[in-house]
Amino acid sequence: MTDIGKNSKDAKGKRQYEITIGLEVHAALSTTTKIFCACGTKFGEAPNSQTCPVCLGMPGVLPVLNENVVKYAIRAALALNCKFNLLNKFDRKNYYYPDLPKNYQISQDYLPIAHDGCLDIFLSSGKRKIRINNIHMEEDAGKNLHAGDTGLLDASLVDFNRAGVPLLEIVTYPDMHSVGEVEKLMTALRDILMYTGVADCKMEEGGLRFEANISLMPFGQTDLGPRVEMKNLNSFKTVIKALNYEIRRQEKSLRQGEKVTQETRLWDDKSGETSPMRSKEEAHDYRYFPEPDLVPLVIDEQLIEEIRSSLAELPASKLERFCKDYGLSEYDARVITSSRALADFYEEVAAVCKEPKTVSNWVTGELQGILNEEKRDIGDCPISPEQLAELLSLLSKGAVSAPSAKIILRDMFHSGKSAKAIIEEKGLSQISDEKDIRPAVKHIINTNTGIVDDYCKGKEKAIGALIGKVMKETRGRADPTKVSQILRELLEEEKRSR
Amino acid sequence: MTKITPDVVDHVTKLCRIHLTNEERKKFTEQLNQILTYMDKLNELNTENVEPTSHVVPLENVLRKDALSPSLGSEKALANAPDKHGEYFKVPRIINGTE
């Protein structure tokens, strides 16, 4: 992705406008049931099949708060270093929209569960702290289907399965100054939410949605400039595209001496443009008031401490530990810790096979490659960590060559057999005895005179081609180090004899 | 205290999606002003050491376990719908929606 923020420079290479971006992130919590009723939250069920009088907004019903929503919110707040409001209240946010059956959304406006947190993002220039303004609990709305999806020109359709699904809204301070920083923040947030098991963040299911605020101002100015709010951003890609579009649009206006209007704009994925929301300014008057149907929630500090001590290690500290304890490069450690399942898998292999770098290479390289080909996830990898550890231990002992190990790994993936069984079956044990390798090397030297000539004329790199041929001759079983050693010895003899 | 003008009433009725006749508009402007005047009276009380109340029932932490109960199912859910299409609620076409 191009980072427009970094490229908004004038002819002299100086940036003309400082960009300021804040995000609102909505994450659907992975609870079994909705926030205020016992309907399920499963995605993709038949329309309106997961509804009841509470989430349909029938008269006379009472919402009752799901205790896991509170626990998950505490978990996320702890992971984001927030302070807590021990006294929590819910408020009604009033507006009319067909996907909102009660004509209000239950949210937290005056006393959100947590506030003033932060998380780190890692840029090439170093670590940056992005502050969290607040985290609050609220209910999702239903889903509207328009003419484009239904073919009905005169009507829209509504599915209330999503109405009442618990959301955590995380609001950042406007601390980001380029699209690249926003991308890092979104990834870091998603990693944290998934690591803590709070949300599964499936963007194709609308499990993670964004709103972005952006303003541009000439450098050196302190007044942030009019703020444009963008709604309807349902994936990382959309956020990036919409921000890049908005930066270009606002820059153009500012260069032409025009003013940017403070407004809410909608991103349209099809046209790749944002346009002002047509609804009147009045629609923004939400007339929040305390939700009389819910009693106050008082959070016990002991509960916070219990959750704190049960909190899984977070991506950032895991990354640091992997670099330190396993001696991995930051890049490799980042790849492995990007998912909790992958990190756990790695640690289980590394606990048996004590060569952390080899394990890292195989887990992120060969194994990940096969998984990608087979469209599988590390979570349902048919090779267990113990099985991979066995193969890699055989490799490090020299019992199999690296090329054979690759063949064995593929076989293990498909057959479920152990490395040892496959080695025996296919006769893939490594040939490391010199007297077994020497004849093959001699054979290759005798049958490839052209390459040998090149070597003798000083083209030392030619040896690579010969190693490859010996490996092929031995079906990948020869120990490559020994092959190289013997080849060099024989070639040098040949050179001297000329 | 803010005075309720006919314009404020218009704004609120628009937000509430209700239509008032001219007479009603006049009547409600008056009544809303009376209510706010009464609130002004309450403001005369000294509440310096009183915690703000958000709820009149002396209860807190009413929670439920995250356990599934059967839902209504779409047939029952749609039974009272003014209009439907298959398993969906059908509403007038939404223009310029956020979703």
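The values are calculated or read from the model by the stated rules, or taken from the named source; none is laboratory data. None of the values given here were measured: they were computed from a predicted structure. Glycine also receives a Cβ, built like all others from the backbone with ideal geometry; neighbour counts cover every protein chain displayed. The area values use the complete protein model at the heavy-atom level, side chains included, leaving out ligands, DNA and RNA. Shrake-Rupley method; radii C 1.70, N 1.55, O 1.52, S 1.80 Å.
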Set A:Lys184/A:Lys318; A:Lys127/A:Lys324; A:Lys241/A:Lys270; B:Lys14/B:Lys84 screened for pairs whose C-alpha atoms are more than 20 Å apart: B:Lys14/B:Lys84
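Excluding A:Ser156 itself, what net charge comes from residues whose Cβ is under 10 Å from its Cβ, given Lys and Arg +1 and Asp and Glu -1? Can you show the working numbers first?
Numbers: positive: B:Lys90, B:Arg93; negative: A:Asp99, A:Asp149, A:Asp154.
Local charge sum for A:Ser156: -1.
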With a cut-off of 8 Å between alpha carbons and a minimum separation of six or more residues, what is the relative contact order of chain A in percent? 14
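How much length would be gained if the chain were fully extended between A:Asn361 and A:Ile304, taking 0.36 nm per residue of separation minus their Cα-Cα distance, in nm to one decimal?
On the way: separation 57, 0.36 × 57 = 20.52 nm, distance 3.91 nm.
Length gained between A:Asn361 and A:Ile304: 16.6 nm.
Rolling a 1.4 angstrom probe over the protein heavy atoms, how many square angstrom per residue are accessible across the range A:370-498?
Numbers: 6920 Å² over 129 residues.
Result: 54 Å² of accessible area for each residue.
For a protection proxy built on the mean count of beta-carbon atoms within 10 angstrom, sort A:158-171, A:349-362 highest first, please. Walk me through the numbers on the way to the answer.
Numbers: A:158-171: 24.5, A:349-362: 19.1.
The peptides rank, most packed first, as A:158-171, A:349-362.
Please label the shape of chain A as rounded, prolate or oblate, based on the square roots a ≥ b ≥ c of the eigenvalues of the alpha-carbon gyration tensor (a/c under 1.5 means rounded; beyond that, a/b larger than b/c means prolate, else oblate).
Values: a/c = 2.60, a/b = 1.91, b/c = 1.37.
Verdict is prolate for chain A.
Gain in length, A:Leu86 to A:Ser275, computed as 0.36 nm per residue apart minus the alpha-carbon separation, to one decimal in nm?
On the way: separation 189, 0.36 × 189 = 68.04 nm, distance 4.05 nm.
So the chain would gain 64.0 nm between A:Leu86 and A:Ser275.
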Using a Förster radius of 22 Å, what is the FRET efficiency between A:His443 and A:His414 based on their Cβ-Cβ separation? Nearest 0.05, please. 0.10
Carbon-plus-sulfur fraction of the accessible area of the protein assembly as shown, 1.4 Å probe, in percent? 51
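Could you work out the mean count of beta carbons from other protein chains within 10 Å of each residue's beta carbon in A:295-302? All intermediate terms of the calculation are to be shown ahead of the outcome.
Details: counts 10, 8, 4, 2, 1, 1, 0, 0.
Per residue, the average neighbour count from other chains is 3.
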With just the Cα atoms defining each centre, how far is the range B:1-34 from the range A:111-130? Give it in Å. 45
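Between chains B and A, what is the buried accessible area in Å², counting both sides, with a 1.4 Å probe and ligands, DNA and RNA left out, to the nearest 100?
On the way: alone 10420 and 25320 Å², together 31170 Å².
Protein heavy atoms only, the B-A interface buries about 4600 Å².
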Taking Lys and Arg as +1 and Asp and Glu as -1, residues besides A:Val298 with C-beta under 12 Å from its C-beta add up to -2
Quickly work out the B:Ala81-to-A:Lys324 label distance, labels modelled 7 Å from Cα along the C-beta direction, and quote it in nm with one decimal. 5.7
Under unit Cβ charges (Lys, Arg +1; Asp, Glu -1), what dipole magnitude, rounded to 20 debye, does the range A:315-426 have relative to its Cα centre? 160
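Counting partner chain Cβ atoms within 10 Å of every residue's Cβ in A:44-53, what's the average?
Numbers: counts 0, 2, 4, 8, 14, 7, 6, 8, 7, 3.
Per residue, the average neighbour count from other chains is 6.
Run lengths n ≥ 4 of DSSP H only: what is the helix-derived mean residue ellipticity at 222 nm for the protein assembly as shown, with -39500 (n - 2.57) per run over all residues, to the nearest 500? Could the numbers behind the result be given before it?
Values: 21 runs with 236 residues, N = 597.
The per-residue figure over the protein assembly as shown is -12000 deg cm²/dmol.
Over the range A:7-305, with the other protein chains present, what is the accessible area per residue in square angstrom, probe 1.4 angstrom? If you can, show how the numbers build up before the last one.
Details: 12600 Å² over 299 residues.
Computed with neighbouring chains in place, this is 42 Å² per residue.
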So if I place +1 on the C-beta of Lys and Arg and -1 on the C-beta of Asp and Glu, and nothing else carries charge, what would the dipole magnitude of chain A be about its Cα centre? I want it in debye, nearest 20. 1840
What is the spin-label model distance, in nm, from A:Asp377 to A:Asp223 if the labels are put 7 Å beyond Cα along the C-beta direction? 5.0
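Tell me the per residue accessible area of the range B:4-99 using a 1.4 Å probe; a whole number in Å² is fine. All intermediate terms of the calculation are to be shown ahead of the outcome.
Numbers: 7660 Å² over 96 residues.
That works out to 80 Å² per residue.
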Rounded to whole Hz and in sequence order, give me ³J(HN,Hα) for the range A:17-29 from the Karplus expression 6.51 cos²θ - 1.76 cosθ + 1.60, θ = phi - 60°, writing x for Gly and Pro. 10, 8, 9, 10, 10, x, 10, 10, 10, 10, 10, 6, 6
Among B:Val56, B:Ile18, B:Ile35, whose Cα sits farthest toward the positive end of the charge dipole of chain B (+1 at Cβ of Lys/Arg, -1 at Cβ of Asp/Glu, about the Cα centre)? B:Ile18
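Would you mind putting A:316-327, A:32-43, A:71-82 in packing order, based on average other-beta-carbon counts within 10 Å, highest first? Walk me through the intermediate numbers first.
Values: A:316-327: 15.9, A:32-43: 21.7, A:71-82: 23.2.
Per-residue Cβ counts within 10 Å, averaged per peptide and sorted highest first, yield A:71-82, A:32-43, A:316-327.
Using the per-residue mean of other Cβ atoms lying within 10 Å as a proxy for protection, in what order, highest first, do the peptides A:188-196, A:402-410 fall?
Values: A:188-196: 21.9, A:402-410: 20.2.
Per-residue mean Cβ counts within 10 Å order the peptides as A:188-196, A:402-410.
Roughly how crowded by other chains is peptide B:76-88, in terms of the mean Cβ count from those chains within 10 Å of each of its Cβ atoms?
Details: counts 5, 12, 5, 0, 2, 3, 0, 2, 3, 8, 5, 6, 13.
Mean shielding count: 5.
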Cα gyration tensor shape of the range A:128-253, rounded if a/c is under 1.5, else prolate or oblate by comparing a/b with b/c: oblate
